[in-house]
Amino acid sequence: MTDKRSIRVTVRGSFDNLTADQKAELLAAGPDHADILAVQYTEQGHLTYDLAARPFFTFRFGAQVTDEKDIPKVTAQAEAKAAAWMTERGYGFKRITSQTVDMSEVPLGPRGRRQQ
């Protein structure tokens, strides 16, 4: 039996060279993407931004892997998905970075240890 590892990839970047129409479109959709309390890590990615405050965006991706060697591939795929989402909509972007966390490596806090 193989254990699956839950992987979370956070991809960050900056909007770049947006037109006035693109800014207006993103600002209009902003309330759907500004609630950081509703953050989810999903296979297709969950986008958050607050363009009125700053020109940055964050995608959060979740994936399952069976082999630790697959983690870099999952990270690269998440970055590619974020870039593709932006490109498909014609939004300029720059400075894509990512952070990957293998949830099996995250230590449990006191509450989690009590529940085991």
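General observations
- Residue match in segment 76-88 (condition: at pLDDT 95 or above, open to solvent by 50 Å² or more (accessible area, probe 1.4 Å) and over 29 Å from residue 4 (Cβ atoms)): yes
- Filtering segment 36-45 for residues that are over 30 Å from residue 67 (Cβ atoms), polar (S, T, N, Q) and out of contact with any Cys (no Cβ under 9 Å at 6 or more places or on another chain) leaves an empty set.
- The lone criterion from (1) open to solvent by 60 Å² or more (accessible area, probe 1.4 Å); (2) assigned to a helix (DSSP H, G or I) left unmet by residue 3 is number (2).
- A single entry from 94, 23 fulfils the requirement of being basic (Lys, Arg), touching a residue at least 24 places away in the same chain (Cβ under 8 Å), out of contact with any Phe, Trp or Tyr (no Cβ under 6 Å at 6 or more places or on another chain) and surrounded by 14 or more Cβ atoms within 10 Å (Cβ to Cβ): 23.
- The residues of segment 43-70 that are open to solvent by 30 Å² or more (accessible area, probe 1.4 Å) and either among the hydroxyl-bearing types (Ser, Thr, Tyr) or in a helix (DSSP H, G or I) (or both), listed by number, are 66, 68, 69, 70.
- Residues of segment 7-22 include at least one that is aliphatic (A, V, I, L, M) and either at positive phi or out of contact with any Ser or Thr (no Cβ under 9 Å at 6 or more places or on another chain) (or both).
- Count - residues of segment 97-108 that are modelled with pLDDT of 95 or more and exposed (fewer than 14 other Cβ atoms within 10 Å of the Cβ): 2
The values are calculated or read from the model by the stated rules, or taken from the named source; none is laboratory data. A quick note: this is a predicted structure, and the numbers were derived from the prediction, not measured. Cβ: placed from backbone, ideal geometry, glycine included. Neighbour counts: every protein chain shown. For accessibility, only protein heavy atoms count, side chains too; no ligands or nucleic acids. Shrake-Rupley method; radii C 1.70, N 1.55, O 1.52, S 1.80 Å.
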